[in-house]
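Undergrad: Structure below; questions to follow.
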Amino acid sequence: MQAAVHRIAGEQSDKALRDLSGEREGDVEAAVHDARKRCKKLRGLLRLVRPVIGELYAPGNRAFRDAARRLGPYRDAHALLETFDRLGAVAPGRGRDREPLAAVRDGLAADAERASTALRDGDDDLEDAAHGIEAGVERARRVRIDAAVGPLDASAVRPGLKKTYKRGHKARRTAADSASPEDFHEWRKRCKYTWYHLRLVGHAAPWVLGPLADGFHALSNTLGDAHDLHVLSERLGAEPQRYGGSDAVDRVHVLAGGVRLRLEHAALRGGAVLYAEPPGRFADRLARYWQTFRSDGVEPPLPELDDSID
(Lines give C-alpha, C1' and ligand atoms only; values in the text may rest on other atoms or scores of the structure.)
Protein backbone atom coordinates (compact mmCIF):
# COMPACT_ATOMS: atom_id res chain seq x y z
CA MET A 1 0.00 0.00 0.00
CA GLN A 2 2.75 2.44 0.88
CA ALA A 3 4.55 1.84 -2.41
CA ALA A 4 1.27 2.17 -4.31
CA VAL A 5 0.46 5.52 -2.69
CA HIS A 6 3.92 6.84 -3.57
CA ARG A 7 3.68 5.56 -7.15
CA ILE A 8 0.20 6.93 -7.85
CA ALA A 9 0.99 10.29 -6.26
CA GLY A 10 4.09 10.56 -8.43
CA GLU A 11 2.26 9.59 -11.63
CA GLN A 12 -0.64 11.97 -11.13
CA SER A 13 1.48 14.91 -10.01
CA ASP A 14 3.91 14.45 -12.92
CA LYS A 15 0.99 14.57 -15.37
CA ALA A 16 -0.50 17.63 -13.67
CA LEU A 17 2.82 19.48 -13.78
CA ARG A 18 3.23 18.58 -17.43
CA ASP A 19 -0.24 19.98 -18.11
CA LEU A 20 0.71 23.27 -16.47
CA SER A 21 4.16 23.53 -18.03
CA GLY A 22 2.85 23.82 -21.59
CA GLU A 23 4.61 20.64 -22.69
CA ARG A 24 1.35 18.90 -23.51
CA GLU A 25 -0.06 19.35 -26.98
CA GLY A 26 -3.54 20.84 -27.31
CA ASP A 27 -5.33 23.90 -25.98
CA VAL A 28 -4.30 25.37 -22.66
CA GLU A 29 -7.85 25.38 -21.26
CA ALA A 30 -8.10 21.59 -21.61
CA ALA A 31 -4.69 21.21 -19.97
CA VAL A 32 -5.78 23.35 -17.02
CA HIS A 33 -8.98 21.33 -16.70
CA ASP A 34 -7.02 18.08 -16.62
CA ALA A 35 -4.57 19.47 -14.06
CA ARG A 36 -7.47 20.36 -11.77
CA LYS A 37 -8.91 16.85 -12.13
CA ARG A 38 -5.55 15.37 -11.18
CA CYS A 39 -5.46 17.53 -8.05
CA LYS A 40 -8.84 16.09 -7.07
CA LYS A 41 -7.62 12.55 -7.74
CA LEU A 42 -4.61 13.21 -5.53
CA ARG A 43 -6.89 14.42 -2.76
CA GLY A 44 -8.95 11.27 -3.22
CA LEU A 45 -5.81 9.14 -2.88
CA LEU A 46 -4.92 10.81 0.41
CA ARG A 47 -8.49 10.47 1.67
CA LEU A 48 -8.42 6.73 1.06
CA VAL A 49 -5.54 6.30 3.52
CA ARG A 50 -6.32 9.34 5.68
CA PRO A 51 -7.15 7.37 8.85
CA VAL A 52 -3.75 5.64 8.80
CA ILE A 53 -1.39 8.48 7.79
CA GLY A 54 -2.17 10.91 10.61
CA GLU A 55 -0.84 14.45 10.44
CA LEU A 56 0.49 14.13 6.88
CA TYR A 57 -3.03 14.22 5.48
CA ALA A 58 -4.01 17.84 6.21
CA PRO A 59 -1.06 19.70 4.61
CA GLY A 60 -1.02 17.45 1.55
CA ASN A 61 -4.75 17.77 1.02
CA ARG A 62 -4.59 21.53 1.52
CA ALA A 63 -1.78 21.92 -1.03
CA PHE A 64 -3.69 20.05 -3.74
CA ARG A 65 -6.93 21.88 -2.88
CA ASP A 66 -5.34 25.31 -3.09
CA ALA A 67 -3.60 24.43 -6.37
CA ALA A 68 -6.94 23.47 -7.92
CA ARG A 69 -8.53 26.68 -6.63
CA ARG A 70 -5.88 28.83 -8.30
CA LEU A 71 -6.93 27.31 -11.62
CA GLY A 72 -10.67 27.42 -10.96
CA PRO A 73 -11.58 30.83 -12.46
CA TYR A 74 -10.06 29.91 -15.84
CA ARG A 75 -11.92 26.64 -16.07
CA ASP A 76 -15.22 27.99 -14.70
CA ALA A 77 -15.71 30.53 -17.49
CA HIS A 78 -15.39 27.82 -20.14
CA ALA A 79 -17.49 25.36 -18.14
CA LEU A 80 -20.38 27.83 -17.94
CA LEU A 81 -20.27 28.43 -21.68
CA GLU A 82 -20.30 24.67 -22.29
CA THR A 83 -23.20 24.25 -19.84
CA PHE A 84 -25.17 26.96 -21.59
CA ASP A 85 -24.60 25.36 -24.99
CA ARG A 86 -25.83 22.02 -23.69
CA LEU A 87 -28.85 23.71 -22.16
CA GLY A 88 -29.52 25.58 -25.39
CA ALA A 89 -29.59 22.31 -27.28
CA VAL A 90 -32.69 21.23 -25.34
CA ALA A 91 -34.33 24.68 -25.22
CA PRO A 92 -37.68 24.99 -27.03
CA GLY A 93 -38.29 27.49 -29.79
CA ARG A 94 -36.55 28.63 -32.94
CA GLY A 95 -35.83 31.80 -34.91
CA ARG A 96 -36.75 34.93 -32.97
CA ASP A 97 -37.68 32.85 -29.95
CA ARG A 98 -34.03 31.97 -29.56
CA GLU A 99 -32.61 35.47 -30.01
CA PRO A 100 -32.48 36.13 -26.25
CA LEU A 101 -30.43 32.94 -25.81
CA ALA A 102 -27.97 34.16 -28.45
CA ALA A 103 -27.44 37.36 -26.48
CA VAL A 104 -26.75 35.41 -23.32
CA ARG A 105 -24.27 33.23 -25.14
CA ASP A 106 -22.41 36.25 -26.49
CA GLY A 107 -21.81 37.42 -22.94
CA LEU A 108 -20.63 34.01 -21.75
CA ALA A 109 -18.34 33.62 -24.77
CA ALA A 110 -16.79 37.00 -23.96
CA ASP A 111 -16.16 35.82 -20.38
CA ALA A 112 -14.47 32.67 -21.67
CA GLU A 113 -12.28 34.65 -24.05
CA ARG A 114 -11.20 37.02 -21.28
CA ALA A 115 -10.32 34.05 -19.09
CA SER A 116 -8.25 32.50 -21.88
CA THR A 117 -6.43 35.76 -22.50
CA ALA A 118 -5.67 36.18 -18.80
CA LEU A 119 -4.39 32.61 -18.65
CA ARG A 120 -2.05 33.09 -21.58
CA ASP A 121 -0.82 36.51 -20.48
CA GLY A 122 -0.22 35.77 -16.80
CA ASP A 123 1.83 32.91 -15.41
CA ASP A 124 1.50 33.60 -11.67
CA ASP A 125 -1.51 31.37 -11.10
CA LEU A 126 -0.04 28.55 -13.15
CA GLU A 127 3.26 28.79 -11.29
CA ASP A 128 1.56 28.97 -7.90
CA ALA A 129 -0.58 25.96 -8.75
CA ALA A 130 2.50 24.02 -9.85
CA HIS A 131 4.29 24.89 -6.60
CA GLY A 132 1.23 23.72 -4.67
CA ILE A 133 1.20 20.39 -6.49
CA GLU A 134 4.92 19.94 -5.82
CA ALA A 135 4.37 20.65 -2.12
CA GLY A 136 1.46 18.22 -1.98
CA VAL A 137 3.28 15.36 -3.65
CA GLU A 138 6.28 15.91 -1.41
CA ARG A 139 3.94 15.29 1.53
CA ALA A 140 2.41 12.26 -0.17
CA ARG A 141 5.85 10.74 -0.66
CA ARG A 142 6.41 10.94 3.09
CA VAL A 143 3.41 8.70 3.75
CA ARG A 144 4.32 5.72 5.87
CA ILE A 145 1.87 2.90 6.43
CA ASP A 146 2.48 0.76 9.48
CA ALA A 147 4.61 -2.26 8.66
CA ALA A 148 2.16 -4.31 10.74
CA VAL A 149 -0.36 -3.95 7.91
CA GLY A 150 0.22 -7.22 6.07
CA PRO A 151 -0.64 -7.99 2.44
CA LEU A 152 -3.94 -9.64 3.44
CA ASP A 153 -4.91 -6.89 5.87
CA ALA A 154 -7.47 -4.35 4.60
CA SER A 155 -7.01 -2.03 7.57
CA ALA A 156 -5.11 0.46 5.42
CA VAL A 157 -8.10 1.02 3.13
CA ARG A 158 -11.25 0.03 5.03
CA PRO A 159 -11.46 3.11 7.32
CA GLY A 160 -11.06 5.53 4.39
CA LEU A 161 -13.64 3.69 2.28
CA LYS A 162 -16.11 3.79 5.16
CA LYS A 163 -15.52 7.44 6.04
CA THR A 164 -16.09 8.76 2.52
CA TYR A 165 -19.10 6.51 1.86
CA LYS A 166 -20.62 7.51 5.22
CA ARG A 167 -20.23 11.19 4.40
CA GLY A 168 -21.97 10.58 1.09
CA HIS A 169 -24.79 8.82 2.93
CA LYS A 170 -25.25 11.83 5.18
CA ALA A 171 -24.91 14.35 2.34
CA ARG A 172 -27.62 12.57 0.33
CA ARG A 173 -30.05 12.77 3.26
CA THR A 174 -29.23 16.43 3.82
CA ALA A 175 -29.80 17.28 0.15
CA ALA A 176 -33.07 15.33 0.08
CA ASP A 177 -34.33 17.21 3.15
CA SER A 178 -33.21 20.70 2.17
CA ALA A 179 -33.50 20.58 -1.66
CA SER A 180 -30.71 23.18 -1.57
CA PRO A 181 -28.39 23.40 -4.61
CA GLU A 182 -25.49 23.94 -2.23
CA ASP A 183 -26.29 20.71 -0.38
CA PHE A 184 -26.57 18.79 -3.64
CA HIS A 185 -23.13 20.14 -4.55
CA GLU A 186 -21.71 18.92 -1.23
CA TRP A 187 -23.17 15.51 -1.93
CA ARG A 188 -21.57 15.52 -5.34
CA LYS A 189 -18.12 16.06 -3.82
CA ARG A 190 -18.58 13.11 -1.45
CA CYS A 191 -19.90 10.94 -4.27
CA LYS A 192 -16.92 11.76 -6.45
CA TYR A 193 -14.43 10.71 -3.79
CA THR A 194 -16.15 7.34 -3.45
CA TRP A 195 -15.84 6.98 -7.23
CA TYR A 196 -12.11 7.69 -6.97
CA HIS A 197 -11.77 5.15 -4.17
CA LEU A 198 -13.58 2.46 -6.13
CA ARG A 199 -11.22 3.06 -9.03
CA LEU A 200 -8.23 2.71 -6.72
CA VAL A 201 -9.36 -0.63 -5.25
CA GLY A 202 -11.39 -1.80 -8.24
CA HIS A 203 -8.87 -4.41 -9.34
CA ALA A 204 -9.75 -6.37 -6.18
CA ALA A 205 -13.12 -7.38 -7.67
CA PRO A 206 -13.55 -5.87 -11.14
CA TRP A 207 -16.77 -7.74 -11.98
CA VAL A 208 -18.48 -6.14 -9.00
CA LEU A 209 -16.61 -2.91 -8.41
CA GLY A 210 -16.32 -1.90 -12.06
CA PRO A 211 -20.09 -1.42 -12.53
CA LEU A 212 -20.35 0.09 -9.04
CA ALA A 213 -17.68 2.66 -9.89
CA ASP A 214 -19.53 3.43 -13.13
CA GLY A 215 -22.67 4.09 -11.09
CA PHE A 216 -20.92 6.55 -8.81
CA HIS A 217 -19.34 8.23 -11.83
CA ALA A 218 -22.73 8.65 -13.48
CA LEU A 219 -24.22 10.01 -10.25
CA SER A 220 -21.33 12.45 -9.90
CA ASN A 221 -21.91 13.68 -13.47
CA THR A 222 -25.64 14.16 -12.88
CA LEU A 223 -25.00 16.13 -9.71
CA GLY A 224 -22.23 18.07 -11.46
CA ASP A 225 -24.56 19.11 -14.28
CA ALA A 226 -27.16 20.23 -11.75
CA HIS A 227 -24.56 22.31 -9.95
CA ASP A 228 -23.33 23.88 -13.19
CA LEU A 229 -26.89 24.95 -14.03
CA HIS A 230 -27.23 26.54 -10.61
CA VAL A 231 -23.93 28.41 -10.99
CA LEU A 232 -24.99 29.53 -14.48
CA SER A 233 -28.21 31.04 -13.12
CA GLU A 234 -26.34 32.73 -10.30
CA ARG A 235 -23.74 34.20 -12.67
CA LEU A 236 -26.35 35.57 -15.08
CA GLY A 237 -28.52 36.93 -12.29
CA ALA A 238 -25.66 38.86 -10.71
CA GLU A 239 -25.10 41.04 -13.82
CA PRO A 240 -27.98 40.53 -16.27
CA GLN A 241 -26.98 43.55 -18.35
CA ARG A 242 -23.83 41.70 -19.44
CA TYR A 243 -25.89 38.82 -20.81
CA GLY A 244 -28.63 40.39 -22.90
CA GLY A 245 -30.70 41.96 -20.13
CA SER A 246 -33.21 40.79 -17.53
CA ASP A 247 -35.71 39.24 -19.97
CA ALA A 248 -33.07 37.01 -21.55
CA VAL A 249 -31.60 36.04 -18.20
CA ASP A 250 -35.05 35.27 -16.76
CA ARG A 251 -35.74 32.90 -19.61
CA VAL A 252 -32.50 31.03 -19.02
CA HIS A 253 -33.19 31.00 -15.30
CA VAL A 254 -36.57 29.29 -15.77
CA LEU A 255 -35.18 26.79 -18.25
CA ALA A 256 -32.08 25.98 -16.18
CA GLY A 257 -34.10 25.70 -12.99
CA GLY A 258 -36.50 23.18 -14.50
CA VAL A 259 -33.72 20.98 -15.87
CA ARG A 260 -31.76 21.23 -12.62
CA LEU A 261 -34.73 19.99 -10.57
CA ARG A 262 -35.16 17.00 -12.87
CA LEU A 263 -31.48 16.14 -12.55
CA GLU A 264 -31.60 16.41 -8.77
CA HIS A 265 -34.69 14.19 -8.61
CA ALA A 266 -32.97 11.57 -10.77
CA ALA A 267 -29.86 11.77 -8.57
CA LEU A 268 -31.87 11.11 -5.43
CA ARG A 269 -33.45 8.04 -7.00
CA GLY A 270 -30.14 6.68 -8.30
CA GLY A 271 -28.41 7.53 -5.04
CA ALA A 272 -30.96 5.48 -3.11
CA VAL A 273 -29.49 2.39 -4.78
CA LEU A 274 -25.82 3.38 -4.61
CA TYR A 275 -26.13 4.30 -0.94
CA ALA A 276 -28.42 1.41 0.00
CA GLU A 277 -25.84 -0.26 2.26
CA PRO A 278 -24.98 0.93 5.75
CA PRO A 279 -21.44 2.36 5.64
CA GLY A 280 -19.99 -0.34 7.87
CA ARG A 281 -21.33 -3.13 5.68
CA PHE A 282 -20.12 -1.38 2.53
CA ALA A 283 -16.60 -1.11 3.95
CA ASP A 284 -16.64 -4.69 5.23
CA ARG A 285 -17.71 -6.02 1.84
CA LEU A 286 -14.94 -4.17 0.01
CA ALA A 287 -12.43 -5.24 2.65
CA ARG A 288 -13.33 -8.88 1.99
CA TYR A 289 -12.86 -8.34 -1.75
CA TRP A 290 -9.47 -6.85 -0.99
CA GLN A 291 -8.42 -9.76 1.22
CA THR A 292 -9.55 -12.30 -1.37
CA PHE A 293 -7.63 -10.49 -4.09
CA ARG A 294 -4.47 -10.35 -2.00
CA SER A 295 -4.65 -14.00 -1.07
CA ASP A 296 -5.88 -15.54 -4.36
CA GLY A 297 -4.69 -13.10 -7.01
CA VAL A 298 -6.50 -11.31 -9.81
CA GLU A 299 -10.08 -12.36 -10.46
CA PRO A 300 -9.95 -14.71 -13.50
CA PRO A 301 -12.54 -15.17 -16.23
CA LEU A 302 -14.83 -18.08 -15.40
CA PRO A 303 -14.64 -20.77 -18.10
CA GLU A 304 -17.43 -23.03 -19.31
CA LEU A 305 -17.15 -26.61 -20.51
CA ASP A 306 -16.47 -25.59 -24.12
CA ASP A 307 -13.65 -23.23 -23.14
CA SER A 308 -10.05 -24.28 -23.24
CA ILE A 309 -8.76 -24.74 -19.69
CA ASP A 310 -4.99 -24.74 -19.10
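The values are calculated or read from the model by the stated rules, or taken from the named source; none is laboratory data. None of these values were measured; they are calculated from a predicted model. All Cβ positions, even for glycine, are placed from backbone atoms using ideal geometry, and neighbour counts span all protein chains on display.
Undergrad: Residues of segment 157-182 being closer than 30 Å to GLN291 by Cα, under 20 Å from the mean Cα position of the chain (by Cα) and of a type outside the set (Val, Ile, Thr), which ones?
TA: GLY160, LEU161, LYS162, LYS163, TYR165, LYS166, ARG167, GLY168, HIS169, LYS170, ALA171, ARG172
Undergrad: Okay, moving on. Of everything in segment 225-276, what is part of a loop (DSSP other than H, G, I, E, B) and touching a residue at least 40 places away in the same chain (Cβ under 8 Å)? Give them in sequence order.
TA: GLY244, GLY245, TYR275
Undergrad: Which one is modelled with the lowest pLDDT among residues in segment 234-273 that are over 21 Å from ARG188 (Cβ atoms) and of a type in the set (Lys, Arg)?
TA: Step by step, filter segment 234-273, then rank; the result is ARG251.
Undergrad: Which of the numbered conditions does ARG172 fail, given that it passes all the others? Conditions: (1) within 19 Å of ASP34 (Cα to Cα); (2) at pLDDT 95 or above.
TA: (1)
Undergrad: Right, something else. Among (1) surrounded by fewer than 17 Cβ atoms within 10 Å (Cβ to Cβ); (2) out of contact with any Asp or Glu (no Cβ under 9 Å at 6 or more places or on another chain); (3) not hydrophobic (A, V, I, L, M, F, W, C), where does ARG285 come up short?
TA: (2)
Undergrad: With ALA154, ALA130 as the choices, which residue is of a type in the set (A, V, I, L, M, F, W, C), more than 17 Å from the chain's Cα centre (by Cα) and not in a helix (DSSP H, G or I)?
TA: When all the criteria are applied, what remains is ALA154.
To keep it simple, each residue is scored yes or no on (1) out of contact with any Gly (no Cβ under 7 Å at 6 or more places or on another chain); (2) touching a residue at least 60 places away in the same chain (Cβ under 8 Å); (3) in a helix (DSSP H, G or I).
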position: HIS6; (1), (2), (3): yes, yes, yes
position: ALA9; (1), (2), (3): yes, yes, yes
position: LYS15; (1), (2), (3): yes, no, yes
position: ALA30; (1), (2), (3): yes, no, yes
position: ILE53; (1), (2), (3): yes, yes, yes
position: ALA67; (1), (2), (3): no, yes, yes
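Undergrad: Only residues that are out of contact with any Cys (no Cβ under 9 Å at 6 or more places or on another chain) and surrounded by 21 or more Cβ atoms within 10 Å (Cβ to Cβ): list them for segment 14-30, please.
TA: Result: ASP19, LEU20.
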